[in-house]
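Reading through the structure tokens given below for one structure.
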Amino acid sequence: MAQRIFTLIFLLWTTFSPHTAVATPFGQKLFGNGQDSQFLPVDRAFAFDFQQRENQLTVRWEIQPGYYLYRQQIKVEGNGAVIGPFDIPAGLSHRDEFFGEVFIFRQPLALNIPLVQADSAATVQVTYQGCADAGFCYPPETRTIPISQILPASDDNTSSHQPPSETPLPFSPWWALLIGIGVAFTPCVLPMYPLISSLVLGRKTQLTLRRTFLLAMTYVQGMALTYTLLGLIVAAAGLRFQAALQHPFVLIGLSVMFVALALSMFGLYTLQLPSSLQTRLAEWSNRRQGGSLTGVFSMGALAGLICSPCTTAPLSAILLYIAQSGDLLAGGASLYLYALGMGLPLILVTLFGNRLLPRSGPWMQHVKEGFGFIILALPVFLLERILGENWGIRLWSLLGVAFLGWAFILSLRSHKGSMRVIQLLLLAGALIAAKPLQDWAFSPVDAPQKQNASALTFTPVATMTELNGALAKSHQPVMLDLYADWCVACKEFEKYTFTDRQVQGRLSRITLLQADVTANRAEQNAMLKRLQILGLPTILFFDAQGKEIPGSRVTGFMDAEKFQTHLQKFVP
């Protein structure tokens with residue numbers, strides 16, 4: 001009796017032991033493929049959660065050690081819902097042999113997504129994709145989140161003060177102060193300061209230093225008031241049409257306008273108010289009495305409306321971007337600081353005379369052209385949202401190379417010995433800035449693909465129907481390679497494993513099929529689900545009767561030597 005019990009226990013142990021289960025069809029069905037067990041299901045590798053609080057949706061990922069999410073693969077789309085702009089953290093820099101520099105997340109990640117408006121049956125689709133360090137990538141995962149109804153923001157609705165209205169500017173408002181100071185040294189503005197100073201002081205010659213400073217500051221405050229009101233009005237308009245201003249067509253239109261403004265700074269054409277309107281405003285300003293606080297303040301307020309060719313483009317660029325951001329506080333503060341920056345040289349000239357002004361010359365035109373490059377940075381900020389991170393880096397690279405090249409050409413006009421050091425620094429900077437363009441133009445990705453494409457010839461299959469048909473027609477063993485462009489380890493298989501001569505010799509005896517699931521379409525996902533594919537790369541082997549060979553499945557990257565050893569077990 002004891003012997004029978006011992007025999008029964010031994011049979012049960014050998015039947016359900018993981019080592020034995022992998023070697024039998026029953027065990028493989030019960031426990032799954034032994035190689036799959038080293039990788040977590042996508043729901044565990046990237047545990048996803050979400051929470052909606054009124055007009056804000058928070059999505060979270062708990063990322064397990066040894067796994068990472070791609071930043072550029074995170075996409076959020078609304079179906080019946082209008083999504084406001086939101087920020088995705090920069091992430092960690094990750095150098096990839098095939099995709100170059102990418103950014104990834106290894107720690108828990110949370111995104112706060114503002115909801116501007118949502119219908120009663122609205123949903124938000126969140127798509128993400130990640131990989132394992134061990135050489136395994138998951139297909140893009142899309143989660144559909146039901147959204148509670150959100151009515152459009154109105155004047156009486158406190159939701160208008162929620163996160164959808166807070167699109168951060170690409171620069172701190174304090175940068176507007178530096179821009180204003182820079183604009184003051186353009187050829188259209190700097191020569192006017194002595195004349196404006198005399199108008200501010202009026203005919204009074206005996207003024208205390210305190211009174212002189214008060215008059216100059218009053219003039220600047222009048223000008224700043226005009227600009228601040230413009231900023232508030234434009235930001236309020238942008239806030240009301242916040243959702244429309246995030247549309248790709250609107251962003252492209254704004255980018256074209258920014259480029260047009262920048263070209264005017266380079267001297268291709270002139271942008272300014274009609275001369276008749278400028279003349280009328282100038283006459284109104286001249287009628288004001290200089291030397292009095294009220295007269296000087298009104299002169300400054302009117303001067304804010306008289307845009308010279310050098311100030312029109314920077315002012316328009318700031319106004320356009322403020323409208324796109326819809327941030328009232330930043331809008332008003334930016335324009336106030338911009339006007340204050342333009343007024344600081346005027347205050348100094350009024351206090352200490354013209355001797356503080358630098359001598360006029362071609363350098364003022366160079367300052368104006370430099371602002372053209374600053375304005376060109378704004379469309380890059382906007383287009384990054386449409387084109388994605390990779391193209392954004394290339395646009396920044398192009399802008400940096402153009403600016404450094406322009407600065408280098410200007411430096412050649414100087415014959416000072418010290419300028420040679422600056423020229424070398426500019427050249428070095430241009431070479432560094434051009435690196436993303438070089439990686440794109442001379443990308444090594446295409447060459448291995450073309451080379452590897454001729455190394456092994458695969459018959460493409462896209463659906464389960466096509467796969468079953470190919471298996472039925474083949475009267476010899478079949479290898480099915482599941483591939484995607486976003487799968488790094490798939491490309492490693494192509495470059496390092498499938499190019500090996502011994503591997504090619506062994507695979508020449510069987511039929512080679514390949515399913516490209518890059519597009520992540522419904523029929524492709526159905527095939528992955530039917531075949532119980534956890535992620536890529538995955539390679540399946542079928543016998544001559546079209547049945548999958550037990551224990552033959554490959555999950556994750558294998559180098560040529562290990563793959564050759566694996567083939568010897570299952571490929572005759």
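The values are calculated or read from the model by the stated rules, or taken from the named source; none is laboratory data. Predicted, not measured: the structure shown is a model, and the values here were computed from it. Don't worry about glycine lacking a Cβ; one is built from the backbone with ideal geometry, like all the others, and counts go over all protein chains shown.
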Looking at the structure I just gave you, is GLY505 assigned to a loop (DSSP other than H, G, I, E, B) and at pLDDT 90 or above? no
So, of the residues in segment 424-443 that are crowded, with 17+ Cβ neighbours inside 10 Å, part of a helix (DSSP H, G or I) and out of contact with any Leu (no Cβ under 7 Å at 6 or more places or on another chain), which turns out to be modelled with the highest pLDDT? PRO436
Here are the criteria: (1) assigned to a strand (DSSP E or B); (2) at pLDDT below 90. Tell me which single one PHE103 does not satisfy. (2)
Quick check: anything in segment 525-538 assigned by TED's automatic domain parsing to the domain that holds GLN476, closer than 16 Å to MET479 by Cβ, surrounded by fewer than 17 Cβ atoms within 10 Å (Cβ to Cβ) and of a type in the set (Gly, Ala, Ser)? no
Residues in segment 336-351: is at least one within 23 Å of VAL380 (Cα to Cα) and modelled with pLDDT of 80 or more? yes
Only one residue in ALA407, ALA377, ALA402 is within 23 Å of THR186 (Cβ to Cβ), assigned to a helix (DSSP H, G or I) and in contact (Cβ under 8 Å) with a residue 60 or more places away in the chain. Which one? ALA377
Report the residue count in segment 36-71 for those that are in a strand (DSSP E or B) and without any contact (Cβ under 8 Å) to a residue 24 or more places away in the chain. 4
Restricting attention to segment 90-98, does a residue exist that is in a strand (DSSP E or B), free of Cβ contacts under 8 Å to residues at least 40 places away in the same chain and within 22 Å of ALA519 (Cα to Cα)? no
If you go through segment 456-466 one residue at a time, do you hit one that is in a helix (DSSP H, G or I), modelled with pLDDT of 90 or more and either aliphatic (A, V, I, L, M) or assigned by TED's automatic domain parsing to the domain that holds THR142 (or both)? yes
Being in contact with a Gly (Cβ under 9 Å, 6 or more places away or on another chain), modelled with pLDDT under 50, of a type in the set (Phe, Trp, Tyr) and not assigned by TED's automatic domain parsing to the domain that holds PRO114: is that true of PHE10 here? no
